[in-house]
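Asks: The structure is given below, and queries will be raised subsequently.
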Amino acid sequence: MSIRIQIFAVCGSLAISAFIFELIRKRKMLEKYSLLWFCAAVVLIVLSLWRNLLEKTAALLGVYYAPTALFIIAAFFAMLMFLHFTVVISRLSEQNKNLAQEVGILQEELRGLRRSSGQTE
Amino acid sequence: MDELRKRLVIVPALNEESNIGQVVEDILGSGLGLDVVVIDDGSRDRTAEVARAHGARVIKLPFNLGIGGAVQTGLKFAFRHGYDVAIQIDGDGQHVPSEIPHLLAPLQSREADVAIGSRYLGAHHYRTPFMRRLGMVIFSAVNSMLIGQRITDNTSGFRAFNRRAIGFLCAHYPSDYPEPEAVVILGRNGFRLKESAVKMRQRLAGESSISSLHAAYYMVKVLLAIVVDVFKTYPKAG
């Protein structure tokens, strides 16, 4: 692995970690959603600093050119992230639907109460 | 003794101002002691106002949830207000309120928890476009296999539920094209289904929610959902 690609990899991973940290600090990202991002950044930093480990990992994966393994691992994390988002979005949709139903029902109940107590709407 | 005295008719409606008044009037005038709640699923016309003017209660959803979310809203309302039976009927005038006794009968005799109004039982002949007919045959075959009971009209939105089924569906009602899926979920969770032959009308006005162009997409999507449903776990129906 050339030193240039290693520098790029380390800088990239560090930049992502710093950016995530900043997002959490400014409360633009909840901690519970940041865990996976941090794991990804840490793994990528370790692998780009520790050449020997990356080369062994690459050999284990059957990849001849070690930096490619870095991409594969990054892609794997991206995939995990998408799955995670889909799960989160599904949960939010369900909650959103329940809230909408609740609002509709409560409005109609309120209307009924107001009418029976003789108030104008 | 007829124990199922509190009866609510749930009418999901989307932009049905031209049909909804008549539908509500027919239900209230049926002499069956029915209450009506119209679920306005984000209509942009005067559906809610017209329904109220004709004497229905109206739940206006803040935005469109789709037919599944709308029907489920009605079921939640029915459950909370202590109804013994909820009857689902389309807001487009396709279903005839005078046929409701056919749906109530199997519930009253305690033969079933859920009654489905079927166009295809009995001697009725409906002209159905080829794709829809194909879909119905497939749903019928797949659902029969999964619940061990033949349902002829899986896409029928003319149904009656007893209180136990209402409670279950409040927590588990499918979303997009819910009718065939609901059959499988109910059947596999120990609810007894029964079909009753009913007459249906051609739509009064407006457009059906399923055009023939969407039929293929509809079939694939629903079949996929049904297959997945088989592997889902549900808390034991109470």
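The values are calculated or read from the model by the stated rules, or taken from the named source; none is laboratory data. For clarity, every value in this text was computed on a predicted model and none was experimentally measured. Counting neighbours? That spans all protein chains shown, and the Cβs are built from the backbone with ideal geometry, glycine included. Just the protein is used for accessible areas: all its heavy atoms, side chains included, with ligands, DNA and RNA removed. Shrake-Rupley method; radii C 1.70, N 1.55, O 1.52, S 1.80 Å.
Asks: What does the buried accessible surface come to for A and B, summed over both chains, with the probe at 1.4 Å? Round to 100 Å². If you can, show how the numbers build up before the last one.
Replies: Numbers: alone 9230 and 11280 Å², together 19180 Å².
The summed interface area works out to 1300 Å².
Asks: Filter the cross-link list B:LYS6/B:LYS221; A:LYS26/B:LYS232; A:LYS28/B:LYS221; B:LYS6/B:LYS60; A:LYS26/A:LYS56; A:LYS28/A:LYS56 down to pairs whose alpha-carbon distance in this structure exceeds 32 Å.
Replies: B:LYS6/B:LYS221; A:LYS26/B:LYS232; A:LYS28/B:LYS221; A:LYS26/A:LYS56; A:LYS28/A:LYS56
Asks: Another question, then. Would you mind checking which residues have amide H under 5 Å from B:SER118's amide H? H placed 1.01 Å from N; only 5 or more apart, or other chain.
Replies: B:SER196, B:ALA197, B:VAL198
Asks: A follow-up question, please. Of B:GLN72, B:GLN88, B:GLN22, which is the most mobile in a GNM of chain B whose springs link Cα atoms less than 10 angstrom apart?
Replies: B:GLN22
Asks: Ok, one more. May I ask for the distance between the Cα centers of segment A:1-17 and segment A:70-103, given as a whole number of Å?
Replies: 29
Asks: Percent of accessible area on segment A:18-91 owned by carbon and sulfur, 1.4 Å probe?
Replies: With neighbouring chains kept in place, the figure for segment A:18-91 is 76 percent.
Asks: Now, a different point. Report, in deg cm²/dmol and to the nearest 500, the calculated mean residue ellipticity at 222 nm for the protein assembly as shown, where each DSSP H run with n ≥ 4 adds -39500 (n - 2.57) and the sum is divided by the residue count.
Replies: Theoretical 222 nm ellipticity from helices: -19000 deg cm²/dmol.
Asks: Shifting gears a bit: I'd like the residues of segment A:72-121 whose 1.4 Å-probe accessible area shrinks by no less than 20 Å² going from the isolated chain to the full set of protein chains.
Replies: Buried-area filter returns A:ASN96, A:LYS97, A:ALA100, A:GLN101, A:GLU102, A:GLY104, A:ILE105, A:GLU108, A:GLU109, A:ARG111.
Asks: To the nearest 10 Å², what's B:LYS6's accessible area with a 1.4 Å probe?
Replies: Solvent-accessible area, nearest 10 Å²: 90 Å².
Asks: In the full protein assembly as shown, how much of B:VAL137 is accessible to a 1.4 Å probe, in Å² to the nearest 10?
Replies: Using a 1.4 Å probe on the heavy atoms, I get roughly 90 Å².
Asks: With θ taken as phi - 60° and the coefficients 6.51, -1.76 and 1.60, list the Karplus ³J(HN,Hα) couplings across segment A:54-64 in order, rounded to whole Hz; mark glycine and proline as x.
Replies: 4, 5, 5, 4, 4, 4, 4, 7, x, 9, 7
Asks: Using label points projected 7 Å from each Cα along Cα→Cβ, tell me how many nm separate A:LEU110 and A:ALA59, to one decimal.
Replies: 6.9
Asks: How far is it, in nm, from the label point at A:ALA18 to the one at A:VAL88 when both lie 7 Å from their Cα along the line to the Cβ?
Replies: 2.3
Asks: Between B:ARG164 and A:ARG27, how many nm apart are label points set 7 Å from Cα along the C-beta direction?
Replies: 5.0
Asks: Most mobile of B:ASP92, B:ASP113, B:ASP45 per a Gaussian network model of chain B (Cα springs, under 10 Å)?
Replies: Largest GNM mean-square fluctuation: B:ASP45.
Asks: What is the magnitude of the charge dipole of chain A about its Cα centre, with +1 placed on the Cβ of each Lys and Arg, -1 on the Cβ of each Asp and Glu, and no other charges, expressed in debye to the nearest 20?
Replies: Details: 13 positive and 8 negative charges, 56 e Å.
My answer is approximately 260 debye.
Asks: Determine the order of A:TRP50, A:TRP37 by accessible area, beginning with the largest, at a probe radius of 1.4 Å.
Replies: A:TRP50, A:TRP37
Asks: Something else: Given the options B:ALA13, B:PHE161, B:PRO97, identify the residue whose Cα lies farthest towards the positive end of the charge dipole of chain B (+1 on Cβ of Lys, Arg; -1 on Cβ of Asp, Glu).
Replies: Towards the positive end, the residue furthest out is B:PHE161.
Asks: Here's a follow-up. Please list, or write none, the aspartates and glutamates whose alpha carbon is within less than 13 Å of the alpha carbon of A:LYS97, excluding same-chain residues fewer than 8 places away.
Replies: B:ASP41, B:ASP176
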